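The values are calculated or read from the model by the stated rules, or taken from the named source; none is laboratory data. Every value quoted in this text rests on a predicted model; they were computed, and no experiment measured them. Cβ placement follows ideal geometry from the backbone for every residue including glycine, while neighbour counts extend to all protein chains displayed.
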Amino acid sequence: MTSNGSRKTSSHRPLFDGERRIARAKVLRRKVPRESHAEWKAWKHRDPIQILEQASIHRVPRLLPIRYGRMLRSPFSFYRGAAAIMAADLSRTPASGMRVQASCSPDEATASRPGGRERRHWQR
């Protein structure tokens, strides 16, 4: 707040202008070139089942068979339910240090479940 009691308005400003951001990205790309992601090897004690079980500790136990059954339907369904395995695999790949936050809209999240609980919530 200002001295007269009104709120300060802040103008949103990017951390880096376009040219600086591009230059920084090029430095990071030299540090971790795309080719460094061309090959992937499973680490010695990789156990996807254990990763899924660990990721399910806080889930409702009676719903786990339904979840795993859905994962069996197709490779796409498996990968939708196996984010923990992908995260574990990617955690051992080269990284530039740049953080990315990715998300989707409620419509995208429930696109494969017409009438799902989340969709009904957002349609209110």
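Structure values in brief
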{"item": "Test for residue 96: is it out of contact with any Pro (no Cβ under 9 Å at 6 or more places or on another chain), at pLDDT 90 or above and polar (S, T, N, Q)", "result": "no"}
{"item": "Any hit, segment 11-31, residues being surrounded by 12 or more Cβ atoms within 10 Å (Cβ to Cβ) and of a type in the set (Ser, Thr, Tyr)", "result": "no"}
